[in-house]
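What follows is one structure encoded as structure tokens, with my remarks underneath.
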Amino acid sequence: MKMRLTLLAGACAVLLCATPGAQAALHTEAVSYQDGDAPLEGYLAYDDAVVIPRPGVLVVHEWKGLGEYAKHRAEQLAQLGYVAFAVDMYGKGIYAKDHEEAGQLAGAYFSDRSKTRQRIRAAMAVLQQQAMVDPSRIAAIGYCFGGMTVLELARSGAPVAGVASFHGALSTPQPAAPQQIKGRVLVFHGALDQHVTAAHVAAFKQEMQEAAASFRVVVYEGAAHSFTVPDAGSDVTTGRAYHAEADRDSWQQLEQFLREIFGTATLAALSDRP
């Protein structure tokens with residue numbers, strides 16, 4: 001697989017809180033890369049006051065493509081002291097105009113999980129190449145379509161410390177083989193999700209058990225699909241709706257999950273290290 005990495009100009013810096021005496025700043029930039037002949041452009045975010053190599057976290061977008069939501073999540077992770085890379089699964093500049101187009105874009109990856117795994121591994125290689133990243137400590141999180149993607153990354157046997165799926169698809173035509181999943185798996189699911197049913201959850205749990213994976217599934221009663229996305233609205237009858245409590249709790253649990261798999265504390269602790 002041919003890989004090319006180009007760091008683009010035009011990075012921006014936003015002042016953040018940091019440890020006393022430190023001038024922490026959130027650094028973000030577009031990163032151009034390739035998967036084979038496909039041009040891609042991701043979004044890198046990190047706190048440039050942290051001078052030591054630190055864990056990296058991939059962030060995989062929803063089914064419309066890489067947009068502001070995934071970038072915001074990357075920035076949140078950067079504020080915690082991680083290097084976050086919001087990946088581009090579809091191609092540079094490709095973003096669905098509506099759900100119909102999104103279904104077509106995502107469908108190509110749902111129907112070809114080998115393609116999904118190759119594309120996310122290309123992004124993982126980019127993150128590992130960053131000078132500020134400890135390449136041996138990588139995790140991945142994803143939302144909806146992105147949740148499916150990070151689970152496929154884990155199923156592929158990639159050397160990730162852990163993956164977390166938020167209201168993502170759980171089924172796969174290529175189940176994990178025993179001992180194939182290297183890191184921990186965390187799934188956040190809404191009990192009212194019409195796209196991912198209780199039967200899908202049960203089948204996923206069985207798959208993980210047969211693969212001898214370390215996993216946990218958190219189910220939020222009253223939450224529908226897209227429960228972490230404010231733009232999803234509040235009407236669960238539409239099939240997707242924001243659920244503030246589930247959003248807050250799942251993020252807090254993610255923070256704890258990352259601390260556990262990486263053995264890290266906070267941005268302040270990272271900044272204080274020599």
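Residue check: is PHE166 in contact with a Phe, Trp or Tyr (Cβ under 9 Å, 6 or more places away or on another chain), closer than 19 Å to PHE257 by Cα, hydrophobic (A, V, I, L, M, F, W, C) and surrounded by 24 or more Cβ atoms within 10 Å (Cβ to Cβ)? For PHE166, the condition - in contact with a Phe, Trp or Tyr (Cβ under 9 Å, 6 or more places away or on another chain), closer than 19 Å to PHE257 by Cα, hydrophobic (A, V, I, L, M, F, W, C) and surrounded by 24 or more Cβ atoms within 10 Å (Cβ to Cβ) - is met. The set of residues in the stretch 41-74 that are farther than 17 Å from PHE145 by Cα and either touching a Ser or Thr at 6+ places or on another chain (Cβ under 7 Å) or of a type in the set (Gly, Ala, Ser) (or both) comprises GLU41, TYR43, LEU44, ALA45, ALA49, VAL50, PRO55, GLY56. The set of residues in the stretch 180-200 that are small (Gly, Ala, Ser) and not in a loop (DSSP other than H, G, I, E, B) comprises GLY190, ALA198, ALA199.
Taking the criterion of being surrounded by fewer than 18 Cβ atoms within 10 Å (Cβ to Cβ) and either touching a residue at least 24 places away in the same chain (Cβ under 8 Å) or acidic (Asp, Glu) (or both), would at least one residue in the stretch 137-154 satisfy it? There is no residue in the stretch 137-154 that is surrounded by fewer than 18 Cβ atoms within 10 Å (Cβ to Cβ) and either touching a residue at least 24 places away in the same chain (Cβ under 8 Å) or acidic (Asp, Glu) (or both). In the set (1) crowded, with 17+ Cβ neighbours inside 10 Å; (2) over 23 Å from ARG54 (Cα atoms); (3) over 14 Å from the mean Cα position of the chain (by Cα), VAL133 fails one condition alone, (2). Within the stretch 176-224, the set of residues being surrounded by 14 or more Cβ atoms within 10 Å (Cβ to Cβ), touching a Pro at 6+ places or on another chain (Cβ under 8 Å) and either farther than 23 Å from ILE261 by Cα or charged (D, E, K, R) (or both) comprises LYS182, GLU207. In the set (1) crowded, with 20+ Cβ neighbours inside 10 Å; (2) of a type outside the set (S, T, N, Q); (3) modelled with pLDDT under 95; (4) part of a loop (DSSP other than H, G, I, E, B), PHE227 fails one condition alone, (3).
Each residue in the stretch 230-250 was checked for being surrounded by 14 or more Cβ atoms within 10 Å (Cβ to Cβ) and in contact (Cβ under 8 Å) with a residue 12 or more places away in the chain, and 10 of them qualify. Taking the criterion of being over 15 Å from GLN34 (Cα atoms) and loosely packed, with under 14 Cβ neighbours inside 10 Å, the residues of the stretch 85-130 that qualify are LYS97, ASP98, HIS99, GLU100, GLN104, GLY107, ALA108, SER111, ASP112, SER114. Residues that are over 19 Å from GLU207 (Cα atoms) and of a type in the set (S, T, N, Q) are absent from the stretch 158-165.
The values are calculated or read from the model by the stated rules, or taken from the named source; none is laboratory data. None of these values were measured; they are calculated from a predicted model. Using ideal geometry, Cβ is built from the backbone for each residue, glycine included, and neighbour counts are taken over all protein chains shown.
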